[in-house]
Amino acid sequence: MKIAVAQTSPTALTDTELYGLEALCEEAAQQGADILVTPEMGLTGYEAPLEALSSLALFVDDAILQKARTLAKTYQLAIVLGYAEMDEQGRFYNSAQFISAEGKCLQNYRKTHLYGDLDKSRFCAGSELMAPVTYRDFKISLAICYDVEFPELVRWHRCQGADLLLVPTANMHPFTTVATHMIPSRSMENGMVIAYANYTGLGRSIDYCGRSSICAADGQCVATLEDSTGMLIADIQQKDIETARRQMPYLSDRRLDLY
């Protein structure tokens, strides 16, 4: 399976006609990708202020998301797409959808670990983790940004059978070590591929640090970007995941009688 990770400017995907998203889909499809992962809250922009969310936030089956599903079907490309979600009670969530190449929403995940005042002042925390979905013979889970910094969450997904964790993010300076140290560690300690898609450049008030990556199940980053926009592509093989798990059997060697 080929994974594409888009590292974009903070507003690259916010046009309601989805021209930015379509350009990424076209590029990923031309490179033979099966899945495209985009940054956190791409459709609405991560820094959308609270007072604007009532007009920017989308219902789970909003027309704009329906357009995104049509793009997935047109380009025969699964898409992980972040957005500000509004539920029927008017509450806001930092969410991401996993859309199949057939144009179906396989999962709508709400970020469970909110970071700082910018998240906590605008969003409700998601109340549940979602078990991996099977797609093209891989078990795939979603996490959003700060979620992946909690080893318990990533280990939970691994214990549920996940092979691949797709992570839209909006990480900023000075926290580059999340990308350079933590993501490879999460991959290695769980025998899991992690695709981490970030913004780069200056937003309204945040200097995004880029460093998107695709880390193999042995903790090796097989594709990385520094601070330029661009797209990463990596071919993920089930046999490589199985080899990493045999070589580093952390899950089976745990001492659950002690902790």
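The values are calculated or read from the model by the stated rules, or taken from the named source; none is laboratory data. Note that the coordinates shown come from a computational prediction; the quantities given were computed from them, not determined experimentally. We place every Cβ from the backbone using ideal geometry, glycine too, and count neighbours over all the protein chains shown.
General observations
- Unmet criterion (only one of (1) of a type in the set (G, A, S); (2) more than 22 Å from Q76 (Cβ to Cβ); (3) in contact (Cβ under 8 Å) with a residue 60 or more places away in the chain) for A52: (3)
- Residue in the stretch 34-44 that is more than 20 Å from K111 (Cα to Cα), surrounded by 20 or more Cβ atoms within 10 Å (Cβ to Cβ) and of a type in the set (G, A, S) present: no
Each row is one residue, and each column tells you yes or no for (1) farther than 16 Å from A4 by Cα; (2) among the polar types (S, T, N, Q); (3) surrounded by 19 or more Cβ atoms within 10 Å (Cβ to Cβ).
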position: V154; (1), (2), (3): yes, no, yes
position: M182; (1), (2), (3): yes, no, no
position: I194; (1), (2), (3): no, no, yes
position: R211; (1), (2), (3): no, no, yes
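- Listed conditions (1) modelled with pLDDT of 95 or more; (2) in a helix (DSSP H, G or I); (3) in contact with an Asp or Glu (Cβ under 8 Å, 6 or more places away or on another chain) are all met by W156, apart from (3).
- For the criterion of being buried (at least 19 other Cβ atoms within 10 Å of the Cβ), closer than 19 Å to R246 by Cβ and touching a residue at least 40 places away in the same chain (Cβ under 8 Å), V167 fails.
- Options G82, G90, G20: the member that is free of Cβ contacts under 8 Å to residues at least 60 places away in the same chain, buried (at least 16 other Cβ atoms within 10 Å of the Cβ) and farther than 18 Å from R136 by Cβ: G20
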